[in-house]
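The values are calculated or read from the model by the stated rules, or taken from the named source; none is laboratory data. Note that the structure is predicted; figures quoted are calculated from it, not measured. For neighbour counting, all protein chains shown are included, and Cβ atoms are generated from backbone atoms with ideal geometry for every residue, glycine included.
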Amino acid sequence: MTKRTIFIPAVLIFLSIYGLVSLGFWQLERADEKRAIEHEIGLVQQSPAQLITNVDELLNKEHYQVLLEGHYDTNKQFIYDNQIVKGNAGYYVLTPFVLSDKVAILVNRGFVPWHGKREQLPDIKVNDLPRVVKVGLIKPVERIKLKQQPVKLDFPILIQSLNLDQLSTLSNYQIVAMLARLDVKASDGFFRQWQPFYGSVDKHLGYALQWFLMALVLGIIALRLWIKKMNLN
């Protein structure tokens, strides 16, 4: 009976330590994956941007710098509200860039502060002449909305979240499931200071360290209990 009472806790402790160590090594593997992605993206962003004409190809170009050919639709712009840049409250100007008949991608032309005057919009118009623009591509993330808010149907439309299905309906375009951030040197934009891609390598390393420390602490506790048990015998 005594051997059984010792054996079962010992197995449970061993399995727990094994699980914690496995989680630590899994986080190290994730860190290596993110490091490889960062390296690949860094190499791509150092090379000249390529002109992309195939809409489907855009979906595989997240974090890439690309060239797009088309024209802006100044009459169907969106004001992406509740943004904070450098401590200032304001919004991003999202303008449909028409790639082909009824297919467009939203171009984030930059940040505009409210300056306490939400009822006054600066001139955000842009000409609709054909052009080639340089942009960086990211996947849009729909912000969680705590309360459904009515959307004014007069352009430019104030929005609180990037619901692409809704924006496609409002604009009457098939909007590509990518958000294009206008290059900081391009014209017809506002304040732009885009954050570079970070693959959270440090976060995964931190998680790995936590799992390994937990395994170490559990191992030390198990060893002390074992020594105590032996001394009692």
> Restricting the first residue to region 10-37 and requiring it to be under 14 Å from Lys203 (Cβ atoms), which pairs with a second residue that is not in a helix (DSSP H, G or I) meet a Cβ separation below 7 Å and a spacing of at least six or different chains?
Replying inline: Lys34/Gly199; Lys34/Ser200; Arg35/Gly199; Ile37/Gly199
> Got a sec? Which of Phe97, Phe78 is under 22 Å from the mean Cα position of the chain (by Cα) and closer than 19 Å to Lys185 by Cβ?
Replying inline: Phe97
>> Please go through (1) surrounded by 14 or more Cβ atoms within 10 Å (Cβ to Cβ); (2) small (Gly, Ala, Ser); (3) modelled with pLDDT of 90 or more for Ser22 and return the number of the only condition it doesn't satisfy.
In response: (1)
>> Every residue in region 69-93 that is out of contact with any strand residue (DSSP E or B) (no Cβ under 6 Å at 6 or more places or on another chain) and either farther than 16 Å from Leu170 by Cα or crowded, with 16+ Cβ neighbours inside 10 Å (or both), please.
In response: Thr74, Asn82, Ile84, Lys86, Gly87, Ala89
> Assuming Gln160 fulfils every condition listed in (1) closer than 30 Å to Asp128 by Cα; (2) without any contact (Cβ under 8 Å) to a residue 12 or more places away in the chain apart from one, which condition is it?
Replying inline: (2)
> For region 94-126, how many residues meet the condition of being modelled with pLDDT of 80 or more and surrounded by 10 or more Cβ atoms within 10 Å (Cβ to Cβ)?
Replying inline: 23
> For region 34-50, which residues satisfy the criterion of being exposed (fewer than 10 other Cβ atoms within 10 Å of the Cβ) and either acidic (Asp, Glu) or more than 21 Å from the chain's Cα centre (by Cα) (or both)?
Replying inline: Ser47, Pro48
> Restricting region 111-133 to residues that are β-branched (Val, Ile, Thr) and part of a loop (DSSP other than H, G, I, E, B), which is farthest from the chain's Cα centre (by Cα)?
Replying inline: Val126
>> Cβ-Cβ under 6 Å, sequence separation 6+ or interchain: first residue in region 169-190 and in contact (Cβ under 8 Å) with a residue 24 or more places away in the chain, partner of a type in the set (Lys, Arg) and in a loop (DSSP other than H, G, I, E, B). Which pairs?
In response: Ser171/Lys76; Tyr173/Lys102; Gln174/Lys102
>> Looking only at region 130-182, filter to residues that are acidic (Asp, Glu) and either more than 22 Å from Tyr64 (Cα to Cα) or at pLDDT 95 or above (or both); which one of those is surrounded by the fewest Cβ atoms within 10 Å (Cβ to Cβ)?
In response: Asp154
